[in-house]
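None of the figures in this text is laboratory data; all of them are computed from the coordinates on show. What you see is a predicted model; the values in this text were computed from it and never measured. Cβ coordinates were reconstructed from backbone atoms using ideal geometry, including for glycine residues, and neighbour counts include every protein chain displayed.
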Amino acid sequence: MAFNVVVKVHPVVLFQIVDSYERRNADSLRVIGTLLGTVEKGVVEVSNCFCVPHREHDNEVEAELVYAAELRDLNARVNTQETVVGWWATGNEVTRHSSLIHDYYTIECPNAIHLTLDTTLQGTSMGIKAYIRVPIGTPSGNNGSMFTTVPVEITCYEPERVGLQLSSKTIGIKKSVEPVHELAQVSEATGNVLSMLDTVLDYVNEILAGRNISPQDNAVGRALLDMVNSVPKMTPEEFENMLNSNIKDLLMVICLSQLTKTQIQLNEKLTLLTTL
């Protein structure tokens, strides 16, 4: 694997790792597991994972490989796009047992990556690092290998972003937070878009007036031009009609879903009464 590898990790993977660490056995110092995802043009996207029970001794590692293979096969039935891309471990460093575990995953994935998540919070944060193993040595001497770090980024799908925003609202709150209503989400998203448009307009006006302190970036100007050209040309009346039509469709779907929910609840109660 080349050194220009970039690892992109989805938030659900981090949540699963932390959950596995919290559920570990009392005598387990760290937890390991399998990483699932896709690899394309040097970008390793980790979208799923699972824990593999193991025990570490002085000179060997015992892992339930049959259990890991069964989970891998079950996941392949559900999501054929995801394959084994490496393995993960809790902690803030590569241990002496990491090479032994990595040997197994190179059988599943020749260019396996190793991901570590610092659940000990030694650096006041849950640091995340990604490694690849590269060979070292001289042509006529002894050869070996070493783990070297590669860039790691956090990426997410739009539904994951919504979940993260909802989770962030629960920080410091002991009670549960109900999901935001669909129309409230639309209103909040619209407000965010308006705020970003105001920021862009201020930036453009400062550039045109020559008051911008930061250096001008032509790439930003081309990106803004492409964004403006991608917007369909329509009059305010046409846009209002389109928006009102979509809102009516949304309200109709909400109404039908509520009616369906009410009917199901009534059927359950009637079924219960008939069985008494």
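Structure summary
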item: Placed amide H near GLY86: partners under 5 Å, 5+ positions off or other chain; result: LEU35, ILE113
item: Compactness index (Cα Rg / 2.2 N^0.38 Å), the chain; result: 1.39
item: Proxy reagent accessibility, fewest Cβ within 10 Å first, across ARG30, ARG55; result: ARG55, ARG30
item: Pairwise centroid distance, computed over Cα atoms, of the stretch 28-73 with the stretch 94-135, Å; result: 10 Å
item: Other-chain or far-sequence residues with amide H under 5 Å of LYS8's (modelled H); result: VAL44, GLU45, VAL46, GLU153
item: Helical segments meeting 27 Å axial Cα length and Kyte-Doolittle 0.5 threshold in the chain (DSSP H); result: 182-209
item: Max mean-square fluctuation residue, GNM over the chain, Cα-Cα springs under 10 Å, options CYS109, CYS51, CYS255; result: CYS255
item: Three-way shape call for the stretch 63-118 based on the alpha-carbon gyration tensor, with the a/c threshold at 1.5; result: prolate
item: For the stretch 6-158: rounded, prolate or oblate by the Cα gyration tensor [a/c cutoff 1.5]; result: rounded
item: Gyration tensor verdict on the stretch 35-97 (Cα atoms; rounded if a/c is under 1.5, prolate if a/b is larger than b/c, oblate otherwise); result: oblate
item: Helical contribution to [θ] at 222 nm, DSSP H n ≥ 4, -39,500 (n - 2.57), averaged over the chain, rounded to 500; result: -16000 deg cm²/dmol
item: Convex hull volume per residue for the stretch 218-265, taking Cα atoms only, in Å³; result: 93 Å³
